[in-house]
Amino acid sequence: MRLFRLPAAFALVLALSAVPAAAQTASPVVEAGAWSATPFLSLTFGGNGETSSLGLGGAAGYDLTDLFSIEGEVAFVFDLVGDNDGVDWSVMSLGGNVLYHFPLANGMAPYATAGLGIARSSFSISGFEGATLDDAATEVGFNFGGGLKAPLTDTLAARGDIRYFKYIDEGPDGWRVYGGLTWKPRR
């Protein structure tokens, strides 16, 4: 059953990103020279796929052209170990990404993305004769993936995204699936 978690979560994010037929006439979600902000809720899976955790984050982006965007992102994962009461492993990450969009006639835009970032992971192990072991590490890494932006109004779009994160040494490698709303201020 664990093998089906990641595809099921991605399908759920895409389903939540569905757009009503009336919204398909909205303006494109990628416009050269436009800024955007995307708060998101995420589900992160450890590299072995056996653990998952909720997270929150936000991204700020700028559309360089109608196809290319850059964005900066900050995200927090609450506990990568999940249901283990004796271990807590949280991660705060900061990254920069490049997005390439494949615009569709109805205003929707699937995209591919890749980026670099740093992650600060903090973990705590308790239960050893009443003692607690705390440690933290900062890692450099990269990510790649893709997603879909679908217009809801002239200034709002639904967004679903899946990415793989790989960090150097003991970093928290794994998959992240997220859903969010992208706000594009009017010019």
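The values are calculated or read from the model by the stated rules, or taken from the named source; none is laboratory data. What you are looking at is a predicted structure, and each value in this text was computed from that prediction instead of being measured. All Cβ positions, even for glycine, are placed from backbone atoms using ideal geometry, and neighbour counts span all protein chains on display. With ligands, DNA and RNA removed, areas are computed over all heavy atoms of the protein, side chains included. Shrake-Rupley method; radii C 1.70, N 1.55, O 1.52, S 1.80 Å.
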> Take the residues of the stretch 119-135 that are open to solvent by less than 80 Å² (accessible area, probe 1.4 Å) and under 22 Å from the mean Cα position of the chain (by Cα): which is modelled with the lowest pLDDT?
Replying inline: Phe123
>> Yes or no: the stretch 84-107 includes at least one residue that is surrounded by fewer than 19 Cβ atoms within 10 Å (Cβ to Cβ), charged (D, E, K, R) and in a strand (DSSP E or B).
In response: yes
>> Checking Thr51 against (1) open to solvent by 30 Å² or more (accessible area, probe 1.4 Å); (2) closer than 29 Å to Pro185 by Cα; (3) at pLDDT below 95: exactly one of these is not met. Which one?
In response: (2)
> Taking the stretch 152-187 on its own, how many of its residues are basic (Lys, Arg), in contact with a Gly (Cβ under 7 Å, 6 or more places away or on another chain) and open to solvent by less than 30 Å² (accessible area, probe 1.4 Å)?
Replying inline: 2
